[in-house]
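J.: Here's a structure for you.
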Amino acid sequence: MQPIANVFWPGRPALLEGESFSSWFARVAAANGLRPADRYRILQPGGDRNPRDLDRYSDVHLLSMMAGKTGVSVETLKQSTFHRWSGLAFERDDGLVKLDWLPPAGRERAKRCFGQQACPRCLAEDAVPFLRLDWRLSFITACPTHKCLLLDRCPACNEPFSVLRQDRYGGVFCWSCGTNISLAASDPPPVNCLPTQEDLLTTLSQGWKTLGSYGPVYSFTALRILFLIVRLIAGGRHAYALRDWVANQESRLAVPPETLPRVRDGALLTVRARSVIVTMAHYLMEDWPHRFVAAAQGVGMSSRDVRKRVDGAYPFAYADAVEWNLTEPSNGSTRDEVLAAKDVLLSRGQSATYRKLKELRGGKAGTMSEVADPAADGAAWGKGRYWKLDGVSPEVKEAARIAAHRSGENVGVWLDRLVRKELNMPSMRVS
Ligand SMILES: [Zn+2]
Ligand SMILES: [Zn+2]
């Protein structure tokens, strides 16, 4: 008799071209009449009640067992996990640190994680609907085939996608409310982010990118620099000024400011906002480091500003460019001058925002963004001006605030889209 370990399972669906391991795992489970979570518990007794992100955390043991039961080779299975991008998207993965471009998916303990994206129209056209491994890369925000934004959460209940928590197969469904994702609607991206994506995917597949005067660097280095710039545009005190600078240079990247919420961490951004910010950051990386340096100088950033937000190592091509081209913060006399300008504005009963200070002084200074009051669109959730709507009950305001927060958006943006939909108005577009 054959040892039990070598007996194939009856259901052995093939791993599809570009399919992620978790997607295939769920289909294998279903083909053998099991829920993915049950399949996982049988393979890993004593493991977590719900499997962790298998695209990242599948170890050789799990892969070998799956290979032994399905006849798919371990190496092929490995290529359907984040191993595929080892030395390409990241240098190596110790399983502990955050990976810049591969955020967690599903739930990590109590935290909802939106690292699994999907194109509903691809799913609708698939003979066998499956999740692509590329949809895990967070610089991918739109589908090149359907030219629509990917979804990163259930449109009905806002839960993150988690194919491993699904109860049934035959498609990709919200594990929580059962919505069929292939029937979900999807919007066009606010800017044309597809050429940027294509360039980044090329960088990833060839393993290197030419960075202006620094010559070719590893793809993970180029992607690390992109990530650092994304963070500068996504949040922090120069975020708005940088967005303005890019929009002024490149009108195709000008979007209404409220499209982009102020969030510290790129991974927390909505797909919509990320599509713009990644495209902006990629634009700033062209002609490295000159364009980036011009932007940083244009908004009054010092080398300290550019480097202090970095946790962990920063690549040489970044640190060196910053070191050589950006000066230290301006001295006290400028600061006093800006503070005096702020007093003038306050005595007029105006708020001393960056823009107002700039107008008053007829130019910018390094300390201005430090001294400036936040503009209204940077206000906390639900605390902005748009709440001056007489007759809207407190519970509706509170519910709207929570709903907007859950969908990862600013209340104003969320409300705007909702009202436009209700009144059949065109959605907010780039001018
Ligand atoms: Zn698609
Ligand atoms: Zn749902």
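J.: Quick check on region 66-141: take the gyration tensor over C-alpha atoms, sort the square-rooted eigenvalues as a ≥ b ≥ c, and tell me if it's rounded (a/c under 1.5), prolate or oblate.
T.: Oblate is the answer for region 66-141, as a/c is 1.5 or above yet b/c matches or exceeds a/b.
J.: What shape does region 4-183 take by its C-alpha gyration tensor, where a ≥ b ≥ c are the square roots of the eigenvalues and a/c under 1.5 counts as rounded, a/b above b/c as prolate, and the rest as oblate?
T.: rounded
J.: Return the carbon/sulfur percentage of the accessible area of region 106-263, one whole number, probe 1.4 Å, all protein chains in place.
T.: Carbon and sulfur: 52 percent of the exposed surface of region 106-263.
J.: Between rounded, prolate and oblate, where does region 54-106 land on the alpha carbon gyration tensor, with a ≥ b ≥ c its root eigenvalues, rounded for a/c under 1.5, else prolate if a/b exceeds b/c?
T.: Taking the square roots of the gyration eigenvalues as a ≥ b ≥ c, region 54-106 is prolate.
J.: To continue, here is another question. What part of the accessible area of region 33-84, given as a whole %, is carbon or sulfur when the probe is 1.4 angstrom?
T.: Answer for region 33-84: carbon and sulfur cover 51 percent of the accessible area.
J.: Apply the Karplus parameterisation 6.51 cos²θ - 1.76 cosθ + 1.60, with θ equal to phi minus 60°, to every residue of region 174-180 and state each ³J(HN,Hα) to the nearest whole Hz, in sequence, with x for glycine and proline.
T.: Coupling constants for region 174-180: 5, 5, 8, 10, x, 4, 7 Hz.
J.: Over region 4-183, average the accessible area per residue using a 1.4 Å probe and give it in Å², no decimals.
T.: Each residue of region 4-183 exposes 45 Å² on average to a 1.4 Å probe.
J.: Rounding to the nearest 20 debye, state how big the charge dipole of region 4-183 is about its Cα centre with +1 on each Lys and Arg Cβ and -1 on each Asp and Glu Cβ.
T.: 440
J.: Using a 1.4 Å probe and ignoring any ligands, DNA or RNA, find the accessible area of R41 and quote it in Å² to the nearest 10.
T.: Only protein atoms counted, so the area is about 80 Å².
J.: Going by average Cβ neighbours within 10 Å, how do the peptides 191-199, 20-28, 219-227, 85-93 rank, with the highest at the top?
T.: Put in order of decreasing packing, that is 20-28, 219-227, 191-199, 85-93.
J.: So, counting K/R as plus one and D/E as minus one, what does the shell of residues with Cβ under 12 Å around T70 add up to?
T.: For residues surrounding T70, the net value is +4.
J.: Kindly write out, for region 15-21 in residue order, the coupling ³J(HN,Hα) from the Karplus curve 6.51 cos²θ - 1.76 cosθ + 1.60 (θ = phi - 60°), rounded to whole Hz, with x marking Gly and Pro.
T.: Per-residue couplings from phi come out as 6, 7, 4, x, 6, 7, 4 Hz.
J.: Once phi is turned into θ = phi - 60°, what whole-Hz ³J(HN,Hα) does the Karplus curve with 6.51, -1.76 and 1.60 give for every residue of region 75-86, x standing for Gly and Pro?
T.: Listing the rounded values in order: 5, 4, 5, 4, 5, 9, 10, 5, 3, 3, 9, 5 Hz.
J.: Given the peptides 391-400, 104-113, 54-63, arrange them by the average over their residues of other C-beta atoms within 10 Å, most packed first.
T.: Order by mean packing, descending: 54-63, 104-113, 391-400.
The values are calculated or read from the model by the stated rules, or taken from the named source; none is laboratory data. The model shown is predicted, which means the values in this text are computed figures rather than measured ones. FYI the Cβ positions are ideal-geometry reconstructions off the backbone, even for glycines, and counts take in every protein chain you see. Ligands, DNA and RNA are stripped out before the accessible areas are found, and what is left, the full protein with its side chains, is counted by its heavy atoms. Shrake-Rupley method; radii C 1.70, N 1.55, O 1.52, S 1.80 Å.
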